[in-house]
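Novice: The structure's right below; bear with me while I get my questions together.
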Amino acid sequence: MKLKKEKDQIIFIYNPYHGDIYWVQREFGEDEEKLVNLAGTFYFKKDDVLKIGKDSIEFKLAKLEEN
């Protein structure tokens, strides 16, 4: 797991130590409102996914609004 700041967003990068990232996609399935727990702390919906790579998935964790 990594965090990075990109413009006005904080991005959560999930890259599992064991296994693959595809279990996350299977968990989401077709349900747009389903929450998937990552790292025992963070919950994401399918629409939080920003980018799917070979070994990682990037999620929108937070976005700065106003000040």
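The values are calculated or read from the model by the stated rules, or taken from the named source; none is laboratory data. All values derive from a computational prediction rather than experimental measurement. When we count neighbours, we look across all protein chains shown, and the Cβ atoms used for this are built from the backbone with ideal geometry, even at glycine. Surface accessibility is based on the protein's heavy atoms, side chains included, excluding ligands, DNA and RNA. Shrake-Rupley method; radii C 1.70, N 1.55, O 1.52, S 1.80 Å.
Novice: When segment 1-55 is examined, which residues are found to be under 25 Å from ASN67 (Cα atoms), free of Cβ contacts under 8 Å to residues at least 12 places away in the same chain and part of a loop (DSSP other than H, G, I, E, B)?
Specialist: Correct list: LYS7 only.
Novice: Something else: How many residues are open to solvent by 100 Å² or more (accessible area, probe 1.4 Å) and in contact with a strand residue (DSSP E or B) (Cβ under 8 Å, 6 or more places away or on another chain) if we restrict to segment 19-67?
Specialist: 4
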